[in-house]
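These notes are about the structure you will find just below.
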Amino acid sequence: MPENETIQRAEKSRRKGKAPTTQAGESVREEMEHIRKGKHGARSTKQAIAIGLSKARQAGIDVPPPKKGEASKKSSKSARHTKPADQPNGSHKASPTRSRAVSKTLEREGDQAASHASLSRQAKESARKRSPAERSASARKAARTRAARRS
């Protein structure tokens, strides 16, 4: 589960009517901070982002599961069935043994996955997968958002 401060920031985004992916961005940002501080590591930037999104789902943010072909069947299936722990029939808490094993494994990983260079490379790679029209629309939307903030 994300820290309380992160959940509060995500809740603030939800109240403002931001998209679920924007709300989940807080969990991803928290995950990057954990990696940079050395709480644990990640093999790749994609893994770090996936961990953040998973935590967001556990916190109750309505992030859609990965599209088919973007993740293994197992993680996609897991994401579809992940529910907040406080909801009935929600995901159950992992056993202490499994939790400890996951933590130990992540601690052995490096912190390069959260470096500015890695994040930049990941963002550029994701942008390249989008069509020029989608990128243009995204840039126009960002410009409108900046203009709205100034006024």
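Under the simplified labelling scheme, the A142-T22 pair shows an inter-label distance of 1.5 nm, with each label point 7 Å from Cα along Cα→Cβ. Taking Lys and Arg as +1 and Asp and Glu as -1, the other residues whose beta-carbon sits under 12 Å from that of A42 total +1.
Which aspartates and glutamates have a Cα lying under 13 Å from the Cα of K12, excluding residues fewer than 8 positions away in the same chain? Answer for K12, where 13 Å is the Cα cut-off: E26, listed by chain and number. Backbone phi angles across segment 136-142, fed through the Karplus curve with coefficients 6.51, -1.76 and 1.60 (θ = phi - 60°), yield HN-Hα couplings of 5, 4, 5, 5, 5, 5, 4 Hz in residue order; Gly and Pro are listed as x.
Roughly how many nanometres apart are two label points built 7 Å out from the Cα toward the Cβ at V102 and E125? Result: 2.3 nm between the two label points. Applying a threshold of 25 Å to the alpha-carbon distances of K46/K104; K16/K37; K93/K124; K37/K129; K55/K104 flags K16/K37; K93/K124; K37/K129 as lying beyond it. How large is ³J(HN,Hα), in whole Hz, for each residue of segment 104-118 in order, when computed from phi with the Karplus curve 6.51 cos²θ - 1.76 cosθ + 1.60 and θ = phi - 60°, using x for Gly and Pro? Those phi angles translate into 4, 5, 5, 5, 7, 7, x, 10, 5, 5, 9, 6, 4, 5, 5 Hz.
Every number here is computed from the coordinates shown, using simple stated rules; none is lab data. Bear in mind that the values here come from a model prediction, so they are computed numbers and not experimental data. Heads up, the Cβs are rebuilt from the backbone with ideal geometry, glycines too, and the neighbour counts pull from every protein chain shown.
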